[in-house]
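Bear in mind these aren't lab numbers, they're just calculated from the coordinates by the rules spelled out. Predicted, not measured: the structure shown is a model, and the values here were computed from it. Every residue, glycine among them, receives a Cβ derived from its backbone with ideal geometry; neighbour counts consider all protein chains shown.
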Amino acid sequence: MSTTDYLSELISKAPDLVEDRQMSQCGTICHRDKEGNEPEVLLLTSRDTGRWVIPKGYLKRNERPHKCAAREALEEAGVTGKIGKKPIGSYTYIKHHKRPPHVVSVFLMKFKGEVDDFREKGQRTRRWVSPLEAADLVVETELQRLFRQLS
C-alpha cells in the first residue's frame, strides 16, 4: 500500500474520526544506539499484509497504556527495554474497511535485549533501520513524522 492509498482510505473514514468512532491501541517505537551513536529503530512486518509496522495492540482490562506497548513489543518482536510512560505521539490507520479507524498511541522504548522465545516468533520479519529509513518504509504519514523527529 502506498502513502497515497493510505491517505485515500483515511479520508474515507473522516466521518468516523469526527464522530469519535475509533478503536484505540498502543504501540512502541523501540530504539537503540548503533556504533557511532547513530540511532536505529525496530520495524517488523505485519502478519497479514507484510507491510512494515511497529509493534502495537489492544489494551487489556486494567492495563496502563505504556505497559500495553511494552507487552506488544515483547509479544510481536521479542524485544525488551525501558519504556516511557507518556506517548510521544499517535497515528491513525485502517485495519478493516468495515470498522472504525484505529488510533495508536506511540511510546518510545530504549532497547535492552531480545528474548529467544516469544508469542509471534516466526510470524514476522524484524529489521533495525535508521529513523529516516523507517519513515520511508511505513505508509502512515503520522508515523513517518514520528520517525523523522527521532533522526
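With the simple spin-label model, which puts each label point 7 Å out from Cα in the Cβ direction, the ARG47 to LYS86 separation comes to 3.4 nm. Taking the number of Cβ atoms within 10 Å of each Cβ as an exposure proxy, the fewest-first ranking of LEU146, LEU108 is LEU108, LEU146.
Local charge sum around GLU76 (other residues, Cβ-Cβ under 12 Å, Lys/Arg +1, Asp/Glu -1)?
+4
Placing a label point 7 Å from the Cα of LYS34 along the Cα-to-Cβ direction, the residues of segment 116-151 whose backbone N falls under 20 Å from that point are 125-139, 144-151. Scanning residues 5 or more positions from ILE88 or on other chains, those with amide H under 5 Å from its amide H are VAL106, PHE107, LEU108, with H placed 1.01 Å from N in the peptide plane.
Stokes-Einstein diffusion coefficient for segment 3-150 at 10 °C in a medium of 1.306 mPa s, Rh from the Kirkwood formula over Cα pairs: what value in µm²/s? Let's see the in-between values first.
Numbers: Rh = 15.6 Å.
Roughly 102 µm²/s, to the nearest whole number.
Placing unit charges on each Cβ (+1 for Lys and Arg, -1 for Asp and Glu) gives segment 3-150 a dipole about its Cα centre, and among THR125, GLY50, ASN62 the Cα reaching farthest toward its positive end belongs to ASN62. Phi angles across segment 61-72 convert, under the Karplus curve 6.51 cos²θ - 1.76 cosθ + 1.60 with θ = phi - 60°, into 3J(HN,Hα) values of 4, 6, 8, 7, x, 5, 5, 4, 4, 5, 4, 5 Hz, Gly and Pro given as x. Between amide H atoms placed 1.01 Å from N, distances below 5 Å from CYS30 occur with LEU42, MET109, all of them 5 or more places distant or on a separate chain.
Taking amide H as placed 1.01 Å from N in the peptide plane, MET23 has its amide H under 5 Å from the amide H of HIS102, VAL103, each at least 5 places away in sequence or on another chain.
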